[in-house]
Amino acid sequence: YNFERPHEALGLATPASRYQPSSREFPDPLPPIEYNSRDIVRKVQGKGEISFHGCVFKVGRAFTGYPVALRPTLTDGLFDVYFCHQKIYTINMNEKT
């Protein structure tokens, strides 16, 4: 579809004709990821999931194999999930299944 189907949002161009690779290179390997001693650290498993308080939460396959930090928020039962310094997800323990 990216080579065949024109899109109105692209002025009837195909997505492939508009693609440009990023000029920024992704470091390989990433520098060591370090978190604060107060952070709750979990390693993201194969399906992009972490386990926390007996529940499994999907944070994204892109983070598989990397550590993420969980930080409690000011709201009871909410934890923000960080990859390095970027917030990527919020866990709501009040809605766990």
Cβ-Cβ below 6 Å, separation at least six or inter-chain, first residue in segment 1-23 and at positive phi and surrounded by 10 or more Cβ atoms within 10 Å (Cβ to Cβ), second part of a loop (DSSP other than H, G, I, E, B) and at pLDDT 85 or above: which pairs?
-> none
Does residue 5 satisfy the condition of being basic (Lys, Arg), at pLDDT below 85, over 27 Å from residue 68 (Cα atoms) and out of contact with any Asp or Glu (no Cβ under 6 Å at 6 or more places or on another chain)?
-> yes
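The values are calculated or read from the model by the stated rules, or taken from the named source; none is laboratory data. Computed from a prediction, not measured in an experiment: that's the story for all the values here. Quick reminder, even Gly has a Cβ in these numbers, built from the backbone with ideal geometry, and neighbours come from all protein chains shown.
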